[in-house]
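What follows is a single structure, written as structure tokens, with notes after it.
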Amino acid sequence: MGNILIRHVDVVTLDDAGTILRDVDVAIEGRVIRAIGAAPPDFRADEVIEGTDHVAMPGFFNAHCHAPMTFERGWAEDLPLDRWFNERIWVAESALTEEDVYWGAALAACEMIRSGTVAFADHYFYMDRVAEVVEQSGLKAALTWCVFGIGAEAEIGPGLAGTIEFVKRWQGGADGRIRTLLGPHSPYVCPPDFLAEVATRAKDLGVGLHIHVAESQEQVQNSLRLHGRTPVAHLERLGVFDVPCIAAHCIYLTEDDRRILAERGVHVVQCPKTHLKLAMGTTPVPALLAQGVNVALGSDGPGSNNSMDMFEVARLAALIQKHALGDATVLPGDTVLRLATRNGARAMGFEESGVLAPGRPADLILVDFRRPHLRPRHSLIANLVYAACGGDVSHVIVDGRLLMRDGELLTLDEERILAEAERRAWRMVGEEMRIVREYRA
């Protein structure tokens, strides 16, 4: 891994002060940023990148996704949540193979790198194969093998015992770029005893949990009817929040729910594109932030949002809150960029990432501002939030290693991945399928 010098670049640091630097150099030594401003006199670069008319910023940390669901992109359209599960997604999974997961994740990795994502929190099946993609691609990841606890026929893989072995196998893998978690699907699918057992096992292993929470009003009402508590209060009682926890969605929350999430340090992930497309509702992000909850952003799976472009996710995260609250001032400035980078890194266990500063991990991207939609440059932040897209990313660096240079992927065979993914996705949906499990809120 050589040293990299980026010359004459504008830098959006996303540090506490919101510092923006113009026409500076960024010196990367090994895995970390050595200097921003002027390169030290003794710094020797193995590669020099000309950064004129480019903006450097922290890479995106996609805090909730189902990457291999690229195979279901465009296959479950215009359906409400219950039919989306029962008629399409939990049917297609009956034909899913380990090889499908590998190539689906590889396709997602190409898309993520191209659009500026440096790390992703994945919640799916056959996660050893996703870990292989992480290892090969150079990305960082927090990986979770989803389990249900309602019988072997509903699982895809070996169940809880097998996922525990996966956690042990891959924790700290890929030169420290992989974190592992346990992943009960949700409180509306998993029985209470199973949730409590998973929480205990996570505590014993010293890892966290990644789970879906409060996606619909019906889920909340059924939880109150069955357990006498909201989904959040139910999970707290079962010990799920006794370990670090990524809670995806969290759309329907009471004031007491928000208090619990804040007090227990739960990381909440909003997935605005899925929420809009499936007409699910809106995560109360400003209220959660006001109570001190770490809120991050996720793309969710391509089966429900169709793309993994975190620029689009960040933009929608701002717009959906302004519209829902009737207040154009909410989530101002670089707030959503922080949710999509720094807060996501914290949720995934990469706390030092998400900020560009000396001594921090060199997890960054360059955005090419030589685009009509990115001129004039009155505000770099406004252009990044409301105008930029994944296709504007020219370079991606993770742990000081170039994964993309001038739009060319360096770690993955994109041509082969495109061909294999297309062929295998058609095979999967062409198989005789059955419903694996039924969605009941």
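The values are calculated or read from the model by the stated rules, or taken from the named source; none is laboratory data. Owing to the predicted nature of the structure, the values given are computational and were not obtained by experimental measurement. Neighbour counts run over all protein chains shown; Cβ positions are idealised from the backbone, glycine included.
In the stretch 340-351, is there at least one residue being closer than 17 Å to ALA56 by Cα and not in a helix (DSSP H, G or I)? Checked against the condition, which is being closer than 17 Å to ALA56 by Cα and not in a helix (DSSP H, G or I), the stretch 340-351 yields at least one hit. Within the stretch 270-295, residues that are within 22 Å of ARG342 (Cα to Cα) sit with their Cβ atoms under 8 Å from residues that are of a type in the set (Lys, Arg) and surrounded by 18 or more Cβ atoms within 10 Å (Cβ to Cβ), at 6+ positions apart or across chains, in these pairs: PRO284/ARG258; ALA287/ARG258; LEU288/ARG258; GLN291/ARG258; VAL293/ARG258; ASN294/ARG346.
Among all residues of the stretch 370-391, there is at least one that is in a loop (DSSP other than H, G, I, E, B) and buried (at least 23 other Cβ atoms within 10 Å of the Cβ). Note on the stretch 1-42: residues that are exposed (fewer than 14 other Cβ atoms within 10 Å of the Cβ) and acidic (Asp, Glu) amount to 3.
Within the stretch 283-342, being more than 25 Å from PRO80 (Cβ to Cβ), of a type in the set (Gly, Ala, Ser) and touching a helix residue (DSSP H, G or I) at 6+ places or on another chain (Cβ under 7 Å) holds for ALA287, GLY292, ALA296, ALA314, ALA318, ALA328, GLY333, ALA340.
Among GLY157, GLY183, which is the only one that is of a type in the set (Gly, Ala, Ser), farther than 22 Å from GLY59 by Cα, in a strand (DSSP E or B) and in the same structural domain as THR230 (by TED's automatic domain parsing)? Walk me through how you get there before you give the answer.
On the way: GLY157 fails: in a strand (DSSP E or B).
Within the list GLY157, GLY183, the selection yields GLY183.
Checked against the criterion of being surrounded by 22 or more Cβ atoms within 10 Å (Cβ to Cβ) and closer than 23 Å to LEU366 by Cβ, the candidates ALA105, ALA119 yield just one match: ALA119.
Of the residues making up the stretch 265-279, those that are surrounded by 20 or more Cβ atoms within 10 Å (Cβ to Cβ) and either part of a loop (DSSP other than H, G, I, E, B) or polar (S, T, N, Q) (or both) are VAL266, GLN270, CYS271, THR274, LEU278. Restricting the first member to the stretch 214-238 and to residues that are over 18 Å from HIS267 (Cβ atoms) and assigned by TED's automatic domain parsing to the domain that holds LYS203, and the second to residues that are hydroxyl-bearing (Ser, Thr, Tyr) and surrounded by fewer than 19 Cβ atoms within 10 Å (Cβ to Cβ), the beta-carbon pairs closer than 8 Å and six or more apart or on different chains are THR230/THR254. Checking each residue in the stretch 179-216 for being among the acidic types (Asp, Glu) and surrounded by 22 or more Cβ atoms within 10 Å (Cβ to Cβ) picks out only GLU215. Close contacts from the stretch 48-75, counting a first residue that is over 30 Å from ALA27 (Cβ atoms) and a second that is acidic (Asp, Glu) and assigned to a strand (DSSP E or B), with Cβ to Cβ under 6 Å and a gap of 6+ residues or different chains, come to CYS65/ASP122; ALA67/ASP122. When we screen ALA119, ALA109, ALA141 for residues that are closer than 17 Å to MET310 by Cα and assigned to a helix (DSSP H, G or I), the only hit is ALA109. Note on the stretch 207-256: residues that are in a loop (DSSP other than H, G, I, E, B), out of contact with any strand residue (DSSP E or B) (no Cβ under 8 Å at 6 or more places or on another chain) and among the hydrophobic types (A, V, I, L, M, F, W, C) amount to 3. Within the stretch 142-159, the set of residues being without any contact (Cβ under 8 Å) to a residue 40 or more places away in the chain, crowded, with 17+ Cβ neighbours inside 10 Å and out of contact with any His (no Cβ under 6 Å at 6 or more places or on another chain) comprises LEU143, TRP145, GLU155, GLY157. Considering LEU364, LEU288, which residue is buried (at least 20 other Cβ atoms within 10 Å of the Cβ), in contact with a strand residue (DSSP E or B) (Cβ under 6 Å, 6 or more places away or on another chain) and outside the structural domain of HIS212 (by TED's automatic domain parsing)? Going through LEU364, LEU288 in turn, the sole match is LEU364.
VAL385 meets all of the listed conditions (1) more than 17 Å from ASP363 (Cβ to Cβ); (2) out of contact with any Lys or Arg (no Cβ under 7 Å at 6 or more places or on another chain); (3) of a type in the set (A, V, I, L, M) but one, namely (2).
Suppose the filter is among the small types (Gly, Ala, Ser) and buried (at least 24 other Cβ atoms within 10 Å of the Cβ); does ALA67 pass it? Answer is yes for this residue.
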